[in-house]
1. For region 13-107, which chymotrypsin sites (Phe, Trp or Tyr not before Pro) pass both filters: DSSP loop (anything but H, G, I, E, B) and at most 15 other C-beta atoms within 10 Å?
2. Below 8 Å, C-alpha to C-alpha, sequence gap of six or more: please give me the relative contact order for the chain in percent.
3. Roughly how tilted is helix 86-105, in degrees to the nearest 10 and between 0 and 90, from the longest Cα axis of the chain?
4. Can you bin the chain into rounded, prolate or oblate? Criterion: square roots of the alpha carbon gyration tensor eigenvalues sorted a ≥ b ≥ c, rounded for a/c under 1.5, prolate for a/b above b/c, oblate for the rest.
5. Along region 67-77, what does the Karplus equation 6.51 cos²θ - 1.76 cosθ + 1.60 (θ = phi - 60°) give for ³J(HN,Hα), rounded to whole Hz, x for Gly and Pro?
6. Grab the beta carbon distance between Asp102 and Leu67, set R0 = 25 Å, and tell me the FRET efficiency rounded to 0.05.
7. Output wanted: per-residue J couplings in Hz (rounded whole) for region 44-53, from phi through Karplus 6.51 cos²θ - 1.76 cosθ + 1.60, θ = phi - 60°, x for Gly and Pro.
8. Could you compute the FRET efficiency for Ala21 and Lys59, with r as their C-beta to C-beta distance and R0 at 30 Å, rounded to 0.05?
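What follows draws every value from the coordinates through simple rules; no lab data is involved. Nothing here was measured: the structure is a model prediction, and the numbers come from that model. Cβ coordinates were reconstructed from backbone atoms using ideal geometry, including for glycine residues, and neighbour counts include every protein chain displayed.
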Amino acid sequence: MKDLPDDWKKNQSAMKAIQVAFDLDENIGRAIRKTAAENDLTPSAQIRKMLDLPIKMPKRPRLTTSLNEQDYTVLGERFDIDPNNKIAIRHKIVEELASLADGVEDK
């Protein structure tokens, strides 16, 4: 068998990790998500922190959502942009989210 490429070797330990799901009371889950947000962590990182496990801070923290073609159509109409111009729609989403975040920070 061939050796793994160097790029893959670096990620070998991550490939061995197993995701674990916890069925918790809704209030416990909400408290963990709230604490995570207050600490600028993901819920997963917050759980690791609570368990005194090491956490890696992301190099470029991101927020993500999935958009399908119907979503682009709705957003295109909302922003008066051609739904096929996905880059322009994404830029408009960033502007709107930044504006909403500014409003939250002002409170």
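1. Details: sites: Phe22, Tyr72, Phe79; in loops: Phe22.
Passing both the DSSP loop test and the Cβ count: Phe22.
2. On the way: 35 pairs, mean separation 9.7, N = 107.
Normalised by residue count, the contact order of the chain is 9 percent.
3. It is inclined by approximately 80 degrees.
4. Numbers: a/c = 2.33, a/b = 1.34, b/c = 1.74.
It comes out oblate by the Cα gyration axes.
5. Each residue of region 67-77 in turn: 10, 9, 4, 5, 4, 5, 5, 4, 5, x, 5 Hz.
6. Details: r = 23 Å, r/R0 = 0.91.
Computed FRET efficiency for Asp102 and Leu67 comes out at 0.65.
7. For region 44-53, the Karplus-derived couplings read 4, 5, 5, 4, 4, 4, 5, 8, 6, 9 Hz, x marking Gly and Pro.
8. Values: r = 26 Å, r/R0 = 0.87.
Calculated value: 0.70.
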